1. Return the residues of the stretch 167-190 that are in a loop (DSSP other than H, G, I, E, B) and in contact with a Lys or Arg (Cβ under 7 Å, 6 or more places away or on another chain); say none if nothing qualifies.
2. Out of all the residues in the stretch 104-126, which are hydrophobic (A, V, I, L, M, F, W, C) and either within 21 Å of the chain's Cα centre (by Cα) or at positive phi (or both)?
3. What's the number of the only condition in (1) surrounded by 15 or more Cβ atoms within 10 Å (Cβ to Cβ); (2) at pLDDT 85 or above that residue 212 fails to meet?
4. Given (1) out of contact with any Pro (no Cβ under 7 Å at 6 or more places or on another chain); (2) touching a residue at least 60 places away in the same chain (Cβ under 8 Å), where does residue 393 come up short, assuming only one miss?
5. Give the number of residues within the stretch 27-70 that are buried (at least 16 other Cβ atoms within 10 Å of the Cβ) and assigned to a strand (DSSP E or B).
6. Taking the stated definitions as given, is residue 307 at pLDDT below 80 and either of a type in the set (D, E, K, R) or in contact with a helix residue (DSSP H, G or I) (Cβ under 9 Å, 6 or more places away or on another chain) (or both)?
7. Pairs needed: first member in the stretch 71-93, within 23 Å of residue 108 (Cα to Cα); second member anywhere, in a helix (DSSP H, G or I) and small (Gly, Ala, Ser); C-beta distance under 6 Å; at least 6 residues apart or different chains.
8. Before we move on, is residue 30 over 18 Å from residue 131 (Cβ atoms), in the same structural domain as residue 174 (by TED's automatic domain parsing) and in contact with a strand residue (DSSP E or B) (Cβ under 8 Å, 6 or more places away or on another chain)?
Amino acid sequence: MHLAFISLFLYFERRIMIKTVKRTYRFRIYPNPSQKELIEKTLGCCCQVYNDFLSMCIESHEADKNYSIKKYDLIKLLPEYKETFPYLKEVDSIALQQTVIHLYDAYVNFFRHNAEFPKFKKKKNDYGYTTMNIKNSIRFVADDIQIPKVGRVKVKAHRHLPESFKFTMVSVSRSGKYYYVSLLGEEEYFDYGEYIKESLDPNNSIGLDFSLKHLFVDSNGNHLDMPTYYQDSLTKLAKEQRKLSHMKKNSSHYQKQLLRVKNLHEHIANQRKDFLHKASRKLANTYDYVFVENLDLKEMSERRDKLKLGISIFDLGYGTFLNYLKYKLEWLNKKLVKVDKFFPSSQLCSCCNYRKSSLTLNQRSWTCPICGFKHDRDYNAAINIKKEGIRMILNPSN
C-alpha cells in the first residue's frame with residue numbers, strides 16, 4: 001500500500017511542475033503636484049533623448065549605408081549628451097538608458113523586417129518611461145510605492161501581488177489626466193502538464209461565431225450583446241472636438257480642452273475593456289475548451305468600406321476579446337482552439353452536413369433542402385465550429 005502511494009505520488013510529480021511565466025501588474029498612482037512635475041519632466045527628457053538619438057542614427061546611416069549601430073555605443077554617448085543638456089541629470093538616469101535601448105530595438109527591428117521604421121515622439125502624446133528595480137529601489141511601503149527620483153507615491157493596489165512575483169522593470173505612464181505604474185516580472189505557477197490535458201472534457205466546450213449585431217453567438221443558442229460605447233459617445237465626442245478645433249493651437253485653453261478629449265477617449269476604452277474582461281472571465285471559468293474561427297480581423301477592418309461595416313467592427317473589440325480569453329484560459333490550463341478560417345461553418349447544415357455553397361452574406365437564415373431544418377446563420381455556424389473543434393482535438397492528425 002505504501003509503495004503504491006509513492007508510485008502515485010511520483011506519477012503526479014512528473015506531470016506537475018513549477019514553471020515561471022511573465023506577468024505585468026498595472027496600478028493607478030496619485031502623485032502630488034511636485035511628483036507630477038517630475039514625472040512630466042522625465043517623460044519630456046525621454047522624449048528628447050529618443051528623438052535626438054533617432055536623428056543621429058538616421059544621419060549616420062545616410063552618411064554610411066554600411067554603418068552598423070551598436071547598443072552600447074549609443075549608451076556611451078549619454079554622459080556627453082547630458083553635459084550638453086544639464087537638466088537631464090535631474091531625472092532618473094536608468095529611464096534615459098532604457099529609452100536608448102528601446103530606440104535601438106525599434107531601429108534594428110526595422111532593418112530585420114520585424115517592424116515599421118521608428119517614429120519621432122511627440123510630447124503631447126501619452127506614453128511612459130521604463131526604469132529598473134535595482135537592489136529593491138522600487139518597493140511597496142504601506143499604501144505607497146517607492147519610485148526612483150519621484151519618491152513615495154500613493155498607489156491604488158486593487159489586487160494582491162502573489163508572493164512568487166518578482167519584478168525587475170517598472171513602467172510609469174500617463175494616459176489623459178491619469179498616471180499608472182506597471183510592474184513587469186516573473187511569477188511561479190503550477191503546470192499540471194499532461195494530467196490536466198487528459199482531464200479536460202471536450203464535451204464541456206462551446207463554439208463562438210463572430211457577430212456584428214452582437215459580439216458573438218454561441219453553440220448553445222445564446223448571444224452576448226456588446227454595448228456600443230463609442231457610437232453612444234459620438235455626439236459628446238464631436239462636441240468636445242468641435243470646441244478644440246475653434247481654439248488657438250497650443251494655447252492654455254487648447255491644452256485643457258485636448259485633455260478633456262483624451263479623457264473621454266480613455267473613458268470609452270476603459271468601458272470596453274471592463275466589459276470584455278468580464279465576458280472572457282465568465283467563459284474561461286465555465287468551459288474547458290472554447291472554439292472560435294481564425295478570422296483575419298485586420299483584413300476585415302481594411303475591407304470595412306466595401307463590406308459597409310463602418311465603425312461597428314472597431315467598437316466591438318472582438319480581437320481584444322479573443323486575446324483576453326486566450327490568456328485567461330491558459331492561466332487555468334484550458335485551451336482556446338481556432339478553427340481554420342476557410343472552414344465553411346455558415347454553409348454546412350449542422351443536422352445533416354449538407355453544404356449550401358450559394359449562401360450569401362445577406363442571408364441571415366436558410367432552410368436545408370435535405371432535412372428541412374431552418375437555420376439561423378450565426379447559431380448554425382457556432383454549432384459547426386464546436387463540432388469541428390472537437391474533431392480537431394480527438395483526431396489532430398486528420
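1. If the condition is that a residue be in a loop (DSSP other than H, G, I, E, B) and in contact with a Lys or Arg (Cβ under 7 Å, 6 or more places away or on another chain), then 176 is the only one that fits.
2. Correct list: 106, 115.
3. Just one mismatch for residue 212, condition (2).
4. (1)
5. The number of residues fulfilling the criteria is 2.
6. When the stated conditions are applied, residue 307 passes them.
7. none
8. Yes, satisfied.
The values are calculated or read from the model by the stated rules, or taken from the named source; none is laboratory data. Predicted model only: the values in this text are computed from it and were never measured. With ideal geometry, Cβ positions are generated from the backbone for all residues, glycine too; neighbour counts draw on all protein chains shown.
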